[in-house]
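The values are calculated or read from the model by the stated rules, or taken from the named source; none is laboratory data. As the structure is a computational prediction, the values presented were derived from the model and not from experiment. Don't worry about glycine lacking a Cβ; one is built from the backbone with ideal geometry, like all the others, and counts go over all protein chains shown. For accessibility, only protein heavy atoms count, side chains too; no ligands or nucleic acids. Shrake-Rupley method; radii C 1.70, N 1.55, O 1.52, S 1.80 Å.
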Amino acid sequence: MEKKYFDPADLKKFGNITEWQEAMGKKFFDWYGEVFKEGALTEREKALIALAVAHAEACPYCIDAYSSTCLEKGADEEQMMEAIHVAAAIKGGATLVNGVQMMNHVKKLSM
Amino acid sequence: MAIKQRSKSLKSRGDGLSDTFFQLQVLNGKQATDAQFPKFVDTIASNGYTDLKPVPLEIFQINIGKLCNQTCAHCHVDAGPDRKEENMDKATLERCLDIIASVPSIHTVDITGGAPEMNPHFRWFVAEVRKLGKKVIDRCNLTIVVANKKYHDLPDFLAQHQVQVVSSLPYFSKSRTDSQRGDGVFEASIQALKMLNAVGYGKEGTGLTLDLVYNPSGAFLPASQETLQAEFKRQLKRKYAIDFNSLYAITNLPISRFLDYLLQSGNYAEYMEKLVEAYNPATVDGLMCRNTISVSWDGYLYDCDFNQMLDLKVAAKGQHLNDFDIASLQNRPIVLNQHCYGCTAGAGSSCGGEIA
């Protein structure tokens, strides 16, 4: 049997997580649906945020899903790539800003 | 302004998909793919529509010819500069006028193509229809206005006859527009929109309507019309100082060159699945095939422009302008097939945009 850790077809089975914990799963999907409805942010803006987070989380299912959603909500390639740069900048910045903690600790220990 | 065509028509390429029977075989999983989907007739029957019937005829849509100055990648007509033979002649247009005059419920004559303005009888026909007091829609690809000196006065002509202009602009960016419609189309379209604005189209208080059509540049469904319209208005005004009235969001139907694209890109099954999953019964009552008749360049009658391109003629006694029988047409069952999922997906799709 072929083993693989990611099958794009599994995305369609996401809803199956309710099979082993129906009440919690249902609450999650209700909340999820509510989150992506148009509110103070447009559906397009929410899809771009989701795309950025998907990349930060390196979730291949989410990347496939929100690449499609962004197109369907009217975002273009430039906007989608900018959203990913935002995620990358925060990931990079979050790593580097911890350098201050490292510097503080090294200074404390050094003469 | 030169437009660089990215391809030729399926017909001139001798592609198998230019055969409408072959396209129907594909849509039913018998050629090119074995992907099977629930039959559209069964799907709408489950909502009580065992026979989809028309309402009184309101829109007389004429596909005046397949000649076009563009060869868009998604074109369901397979139009292009190489389609010089299929153009409606004056005798057929005169027959159209007789029918338009004789059916009082027809309030709108919707002229499409190809680039309808390239038909040599276009201006005469528009003027004659206006004399009958009917509204005229010109489905203008925009670039025709700047394609040749002889078309530069089109905005004035259309304004003079109070023609509603409905124009495709798949996106407010060059890359997305040109990838679908050909290199150079975006810039030419912007220039044409400015010329239309200059004579009053899209401007408040002029009564001259300029609507835009958005259709996705790829294998995905359109966003909500309202959201897209707001974004188009904002971006076109900000970047180019262009005004327009409404935006119609139209779904690409899996036929002709868009079907070719879906098959070539490996997106066919996934796209059909999207359409089927997005089936919305609330769209059925408002489907354009119910209040429209579509006429081909050679005078045959169809339920819609898509059925026309699949050569699915009306299921009525008279299938040609010469045998036009309004009573029989009003009682016909509308001819359905798998491509109809394109008009019932999500908020629905018609020549006037969303339905539900």
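Annotations
- Interface size A-B, as summed buried accessible area [1.4 Å probe, Å², nearest 100]: 1000 Å²
- In terms of its C-alpha gyration tensor, the protein assembly as shown comes out prolate, because a/c is 1.5 or above and the ratio a/b outweighs b/c.
- Oblate is the label for region A:20-109, because a/c, from the alpha-carbon gyration tensor with a ≥ b ≥ c as root eigenvalues, is 1.5 or above and a/b does not exceed b/c.
- Full-stretch length increase - B:ALA315, B:ALA35 - with 0.36 nm per residue and alpha-carbon distance subtracted: 98.0 nm
- Applying a DSSP loop filter and a limit of 12 other Cβ atoms within 10 Å to the trypsin sites (Lys or Arg not before Pro) in region A:33-111 leaves A:LYS37.
- Cα centroid of region B:192-225 to Cα centroid of region A:74-110, whole Å: 42 Å
- Within a Gaussian network of chain B (alpha carbon springs, distance under 10 Å), most fluctuating of B:SER175, B:SER294, B:SER246: B:SER175
- If R0 is 35 Å, the Cβ-Cβ spacing of A:PHE6 and B:ASP285 corresponds to a FRET efficiency of close to 0.25.
- Residues of region A:1-50 whose accessible area (probe 1.4 Å, heavy atoms of protein chains only) drops by at least 30 Å² once all protein chains are present, relative to their chain alone: A:LYS12, A:ARG44.
- Longest exposed-site-free window of chain A, the sites being chymotrypsin sites (Phe, Trp or Tyr not before Pro) in a DSSP loop that have at most 13 other C-beta atoms within 10 Å: A:21-111
- Each label point was placed 7 Å from the Cα along the Cα-to-Cβ direction; for A:LYS37 and B:LYS237 their separation is 2.8 nm.
- Fully extending the segment from B:ALA356 to B:ASN267, taken as 0.36 nm per residue of separation minus the present Cα-Cα distance, adds 29.4 nm.
- From helices alone, chain B scores -9500 deg cm²/dmol at 222 nm; the rule is -39500 (n - 2.57) for each run of n ≥ 4 DSSP H residues, then divide by the residue total.
- Gyration tensor (alpha-carbon) shape descriptor, chain B, a/c threshold 1.5: rounded
- Of the residues in region A:69-101, those shielded by at least 40 Å² of accessible area once partner protein chains are present, compared with the chain alone at a 1.4 Å probe, are A:LEU71, A:GLU72, A:GLY74, A:ASP76.
- Accessible-area composition of region A:20-109, carbon plus sulfur, in percent [1.4 Å probe]: 67 percent
- At R0 = 35 Å, FRET efficiency that the Cβ-Cβ distance of B:SER328 and B:ARG123 yields, to 0.05: 0.60
- Percent carbon-and-sulfur accessible area, chain B, ignoring ligands, DNA and RNA, probe 1.4 Å: 49 percent
- Measuring r between the beta carbons of A:ASP64 and B:LYS4 and using R0 = 30 Å, the FRET efficiency lands at 0.40.
- A DSSP coil position with no more than 14 other Cβ atoms inside 10 Å describes the following GluC sites (Glu not before Pro) in region A:1-52: A:GLU2, A:GLU38.
- Placing unit charges on the Cβ atoms of the charged side chains and taking the dipole of chain B about its Cα centre, the candidate lying farthest along the positive direction among B:LEU310, B:ASN245, B:ASN291 is B:ASN245.
- Gaussian network model of chain A, Cα within-10 Å springs - most flexible of A:VAL97, A:VAL53, A:VAL35: A:VAL97
- Nearest-20 debye value, region A:20-109 charge dipole, Cβ charges on Lys, Arg, Asp, Glu: 680 debye
- When each of the peptides B:94-104, B:304-314 is scored by the mean number of other C-beta atoms lying within 10 Å of its residues, the order from highest to lowest reads B:304-314, B:94-104.
- Highest-fluctuation residue, B:ALA345, B:ALA192, B:ALA35 considered, GNM on chain B with Cα pairs under 10 Å: B:ALA35
- Averaged per residue, the protein assembly as shown has 47 square angstrom of accessible surface, using a 1.4 angstrom probe with ligands and nucleic acids left out.
- Contact residues in region B:136-177 (at least 50 Å² less accessible area with all protein chains than alone, 1.4 Å probe): B:TYR171, B:ARG176.
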